[in-house]
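**Q** Here's a structure for you.
The values are calculated or read from the model by the stated rules, or taken from the named source; none is laboratory data. If you're wondering where the values come from, they're calculated on a predicted model, not measured in any experiment. Here Cβ is always computed from backbone atoms with ideal geometry, including for glycine, and neighbour counts include all displayed protein chains.
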Amino acid sequence: MRSALRNKLKELPDLPGIYLFLDEDGTPLYVGKAKSLRKRVANYSKKGDDVRLATMVDEACDLDYVVTDSEAGALLLENTYIKRHQPRFNIRLRDDKTYPYLKLTMADEYPRLAFTRRIRSDGAEYFGPFLPGGLARRAIKIAQKLFQVRVCRIEIDGTLPRPCLYHDMKRCLGPCVDGLTTRADYSEAVEQCRLFLAGKTDVLLRDLKQNMEAASARLDYEGAARVRDVIFDIESVSRRQQLSTGRGEDVDIYGLYAASGHAAVTSLIMRNGQVLDRRELFFEGLGPVAPARLLSELLPQIYDVTTFVPSEIHLPLPIDGEDALVEWLSEKRGGRVYLRMPSRGPKAERVSLAMQNARLAYRRRFRLDSGVHQGALALQEHLGLDGLPERIEGFDVSTFHGAETVASLVVWQSGRMNKRDYRSFNIRGLEGPDDFASIRQAVHRRYRRVLEEVGDMPDLILIDGGRGQLNAALAALAELGVEDTPIVGLAKREEEIYSPAVPEPRRLPRADAGLRLLQQVRDEAHRFAVSRHRRRRDRKTLRSGFDDLRGVGEKRRKALVRRFGSYRGVKQATLEELCSVLGPALGQRVYDQLHAAPEPEPVAASAKGGTQDRVRSSTRDD
C-alpha cells in the first residue's frame, strides 16, 4: 500500500460508512461498506488471498469516505455508488432482471389493466410477480376476453365518436364512447378481474365449466372447446401465479460456483412452496474471489432492482455484513426477512440443488465439460502442481533442413484453446537445423516479453520434445530468473512426460485424462507451427515479377492480369496501355521500371559469375 494511503488510514473515523479507493484521476476503483471505516480499511494493508483486491490496492492513489448513521445505511449507499460509478474492481450485477406484475389503476374513473415491472405508490392495485414472465401477458389476454377491461392509455371522457378494434373483438366494454357501457357495469367487470388476478377463481371456474357443459349439450363443440381453453389458461395462471402477500413459503435459494477467475450464481425462485423459476448470473474475468465476498456484494444489487423480497433467503455459506443486509431487506419488504445457511434437511437439499445448478451453468457458459475438468485435475495430481492448471502454454518447432524455422506458442485456458493468445516466432541466427536452440530462443523471447509487459506466467509450460528440448527451455527460463513455473516435455513416440526434477520419464495410460489434455495442447502447437512454417516458405518461393513493381498492390495487380493476362503481357504493353489501367502517373512509373536498362556487368567478373548474373536477371524478368 502506498504511503499516502497509509496516512489516510489514520484519518478514518471509527464509524459506519462507505470508503472509495481512487486512481490518479480520482475515478473510483472500488467502493466498500464498513461498520467501522477505520478497522475495515486497515485490513487492506495486509496481504490477502484475494488477488483482485490486492491489484486494486496497488493501483489506488487516494482514498475517500462517506459516513452514514448505520451499517444498513452504508449498504444502501454502497449500492448507489456502485451503480453510479461502476468501479472496475467491484462485482457488479449485469443482469437486472425483474419479474413482471399486473396492475389495475384503481385511482382512475375507469381503471385499466397494465403490465409493469415496478411497484409504485400511485393508488393502483398490483398483482404478481408472475413466474415465468410470459404468464403476465397471458393473464392480460384472459382478462380482456373474460371481463373486457380496457388496456389503453387514453383519457376516458365518453366523447369519442366510435370505439377501437378491441371493442369490435369483444375485448373491451368501450367506456371511451358514451352509451356503450355504464359505470356500474364497468366497475363490476373490474371487480371480477381483480378477483381473478388475486387468484380467487373458484366461482369463476365453476361457472365456466357449467357453460362448457351446456355448450357441449347443445352440440356446440367449437364453443365448448373455446371455453375449455379459457378454463385451462385460468387454471394455469392461477396455479403458477403467486402473490406477494407473505403467505406460504416464499424463498430465494442461492448456489454459487467460482473457478478460473469466472463465477456462476444461480437462484431458485420458490413461491408458496413451489420452485417456479431459475435465475442465472455470470461474472467473467473477476480473478480469484472469495464466494462469501461475491455474495455479499451481489445480494444488495439483486434486491435493489427487484420489486419483491421473499421472507427467507437461503445461502450456501455465511456472508459479510449479514446483519446490515437483513435490516435493509426487512425494511424494504415491510416485514422480517431471514438469511439462513441450512446444513441438513429439505432446506439443505434445496441449497445443494442450487449449487449443482450453478456448477452446470458455469460449465455451460464457459464451455467446460467433465472430461476437460478431469484432465486438469489429473495433471495437478501427476505433476504435483500447487493448484488446478487454468492456463497451459505449449511450444513446438517446424523447419525444413534448417530453413525458414518457425516456433509456435499455443494457449489452453479454462477448458479451451485461446487462439487470440497464439504467437509464432521466426527463429533467427541459426546455421542448420537445431531444435534445441530454436526452443531456447522461442521460450526466451516469449517470457522476456511477458515479464516486461504482463508479468503473469502460465500455470504450466509444455514443450514438444524430450529431455534435450526440455533442458533448452529450462536454460532460457534460468536466464530470465524464472524458477517456479512448472514445465514438462512430451515426447511423441512413446508419449513420455519429462519433468525437470525427475530423472526418468513418466508413462501414463493412454486413456489417462491428464495425458490426453497434454496431447491436445501438443498437437495444436504442432499444427500451428507447421502452418506458419508453410506460409513462410510459400511467401519466399512463390514470387512473381509483380512483387518487384513499386506502387502495384493486390488490386492493381489483379487489374493488370485481367487486362494483359500475365506479367509477360504487362511487360510487352505500351505506355498508353499501362496508363489506361493505372493512370498517367503510376503507369509511367511502372513502364520505367519494366524497361529500365540492366546494370552493366563488372569488367573483372568471371565467366561463371557473369553467367549467374545473367540467369538471375532473366529469371526476374520472366
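**Q** Of all residues being of a type in the set (G, A, S) and at pLDDT below 80 in region 387-406, which is farthest from N426 (Cα to Cα)? Just the residue, please.
**A** G387
**Q** In region 352-385, which residue that is surrounded by fewer than 17 Cβ atoms within 10 Å (Cβ to Cβ) and hydroxyl-bearing (S, T, Y) is modelled with the highest pLDDT?
**A** Result: S352.
**Q** Quickly run through region 386-416 and pick out the residues that are surrounded by fewer than 18 Cβ atoms within 10 Å (Cβ to Cβ) and among the hydrophobic types (A, V, I, L, M, F, W, C).
**A** Passing the criteria: L388, F400, A403.
**Q** Could I ask something else about it? Just to check your reading of the model, which residue among R536, R532 is among the basic types (K, R), assigned to a helix (DSSP H, G or I) and at pLDDT 85 or above?
**A** Sole residue among the options that is among the basic types (K, R), assigned to a helix (DSSP H, G or I) and at pLDDT 85 or above: R532.
Here's the yes/no breakdown for (1) surrounded by 19 or more Cβ atoms within 10 Å (Cβ to Cβ); (2) at pLDDT 85 or above; (3) of a type in the set (S, T, N, Q):
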position	(1), (2), (3)
K141	no, yes, no
Q148	yes, yes, yes
R153	no, yes, no
C172	yes, yes, no
V177	no, yes, no
E188	no, no, no
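**Q** Those residues that are within 17 Å of A72 (Cα to Cα) and either in contact with a helix residue (DSSP H, G or I) (Cβ under 7 Å, 6 or more places away or on another chain) or at pLDDT below 80 (or both), I need them from region 290-304; list them, please.
**A** Listed by number, the residues that qualify are L299, P300, Q301, Y303, D304.
**Q** Just give me the residues in region 339-353 being within 14 Å of M270 (Cβ to Cβ) and either of a type outside the set (K, R) or free of Cβ contacts under 8 Å to residues at least 12 places away in the same chain (or both), in sequence order.
**A** P342, P346, E349, V351, L353
**Q** Assess whether Q380 counts as being assigned by TED's automatic domain parsing to the domain that holds L477 and out of contact with any Asp or Glu (no Cβ under 8 Å at 6 or more places or on another chain).
**A** Here the answer is yes, as Q380 does meet what is asked.
**Q** Here is a list: D456, D512, D464, D548. Which entry is surrounded by fewer than 16 Cβ atoms within 10 Å (Cβ to Cβ), acidic (D, E) and within 23 Å of R391 (Cα to Cα)?
**A** Sole residue among the options that is surrounded by fewer than 16 Cβ atoms within 10 Å (Cβ to Cβ), acidic (D, E) and within 23 Å of R391 (Cα to Cα): D456.
**Q** For region 567-582, how many residues meet the condition of being outside any helix (DSSP H, G or I) and loosely packed, with under 13 Cβ neighbours inside 10 Å?
**A** 1
**Q** Also, quick follow-up: What is the number of the single condition among (1) outside any loop (DSSP other than H, G, I, E, B); (2) over 30 Å from G261 (Cβ atoms); (3) without any contact (Cβ under 8 Å) to a residue 40 or more places away in the chain that G432 does not meet?
**A** Failing condition for G432: (1).
**Q** What number goes with the only condition from (1) within 21 Å of Q380 (Cβ to Cβ); (2) within 34 Å of the chain's Cα centre (by Cα); (3) in contact (Cβ under 8 Å) with a residue 40 or more places away in the chain that R532 does not pass?
**A** Tallying (1) within 21 Å of Q380 (Cβ to Cβ); (2) within 34 Å of the chain's Cα centre (by Cα); (3) in contact (Cβ under 8 Å) with a residue 40 or more places away in the chain, R532 fails exactly one: (1).
**Q** Please enumerate the residues belonging to region 447-479 that are of a type in the set (A, V, I, L, M, F, W, C) and either part of a loop (DSSP other than H, G, I, E, B) or farther than 20 Å from D435 by Cβ (or both).
**A** V450, L451, V454, M457, L460
**Q** Can we say L205 is of a type outside the set (V, I, T), in a helix (DSSP H, G or I), out of contact with any Cys (no Cβ under 6 Å at 6 or more places or on another chain) and surrounded by 11 or more Cβ atoms within 10 Å (Cβ to Cβ)?
**A** Taking the combined requirement at face value, the residue satisfies it.
**Q** Turning to a different aspect of this structure: Over 30 Å from P300 (Cα atoms), out of contact with any Phe, Trp or Tyr (no Cβ under 7 Å at 6 or more places or on another chain) and part of a helix (DSSP H, G or I): does that describe R138?
**A** In short, yes.
**Q** Still on this structure, I have one more. Looking at region 9-26, I want the residues that are assigned by TED's automatic domain parsing to the domain that holds T55 and surrounded by 11 or more Cβ atoms within 10 Å (Cβ to Cβ) and have a partner that is in a loop (DSSP other than H, G, I, E, B) and hydroxyl-bearing (S, T, Y) with Cβ atoms under 6 Å, at least 6 apart or on another chain. Which pairs are those?
**A** So the pair list comes out as P16/T68; P16/S70; G17/T68.
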